[in-house]
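The values are calculated or read from the model by the stated rules, or taken from the named source; none is laboratory data. For clarity, every value in this text was computed on a predicted model and none was experimentally measured. Quick reminder, even Gly has a Cβ in these numbers, built from the backbone with ideal geometry, and neighbours come from all protein chains shown. Just the protein is used for accessible areas: all its heavy atoms, side chains included, with ligands, DNA and RNA removed. Shrake-Rupley method; radii C 1.70, N 1.55, O 1.52, S 1.80 Å.
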Amino acid sequence: MNRNQLYIHHGTDAKAMVAHLLQRSGIQSEIKPEYHVGIKPNLVEAKPASSGATTHPELVEAVVEFLQEISVQKITIMESSWVGDYTEEAFRVCGYEELARQKGVKLVDLKKNTTIKRKAGKIELEVCKSPMEVDYLIN
């Protein structure tokens, strides 16, 4: 996969479009079946995707199905809603609890995650531990 390549696909079936774009990107050659893959959608607040504030669960479902088709078994959806909102509520309202149950994937609330220290240049940051533990992160 060329990390600087932009893929565009037009259509009305978002789930099918995601599957097509993932296949076209070639990431299946980067992800081994034994990898632990993290998916970080965008669930800013506990509002349905129709509000425009969150990633539609069908898009993430397409990513999960793509990963399962290439034999990835360990998949975690991880998120932290913005300050003042609750990630667990966003998981429920946005349909991610149901998605995780149906597809057999784990949900992690990063607000409740332990942190670890990492250096970025001369700066030391505390970052959530879970994203640092996956082999491949899809954001």
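Over the chain, what is the relative contact order in percent, taking alpha-carbon pairs closer than 8 angstrom and at least six residues apart? Walk me through the numbers before you get to the answer.
Details: 219 pairs, mean separation 36.4, N = 139.
26 percent.
Can you pull the three principal axis extents for the Cα set of region 97-139, in Å, largest first?
44, 21, 14
Taking the simple approach of a point 7 Å from Cα along Cα-to-Cβ for both Glu124 and Lys47, what is their distance in nm?
For the pair Glu124/Lys47, the computed spacing is 3.9 nm.
In whole Å, largest first, what are the principal axis extents of the Cα atoms in region 31-84?
36, 21, 11
Working out 0.36 nm times the residue gap between Glu30 and His10, then minus their Cα-Cα distance, what length gain in nm do you get to one decimal?
Details: separation 20, 0.36 × 20 = 7.20 nm, distance 2.51 nm.
That works out to 4.7 nm of additional length.
For the chain, give the percent of accessible area contributed by carbon and sulfur heavy atoms, probe 1.4 Å, rounded to a whole number. Provide the component values of the computation, followed by the final result.
Details: 4300 of 8630 Å².
That share works out to 50 percent.
Calculate, for the chain, the solvent-accessible area per residue in square angstrom, rolling a 1.4 angstrom probe over the heavy atoms of the protein chains.
Working: 8630 Å² over 139 residues.
Accessible surface, normalised per residue, equals 62 Å².
Kindly work out what percent of the DSSP beta bridges joining two residues of the chain are antiparallel, to the nearest 5.
40
In the chain, how does Rg compare with the Kirkwood Rh, expressed as the Rg/Rh ratio over alpha carbon atoms?
Numbers: Rg = 15.5 Å, Rh = 16.0 Å.
That ratio equals 0.97.
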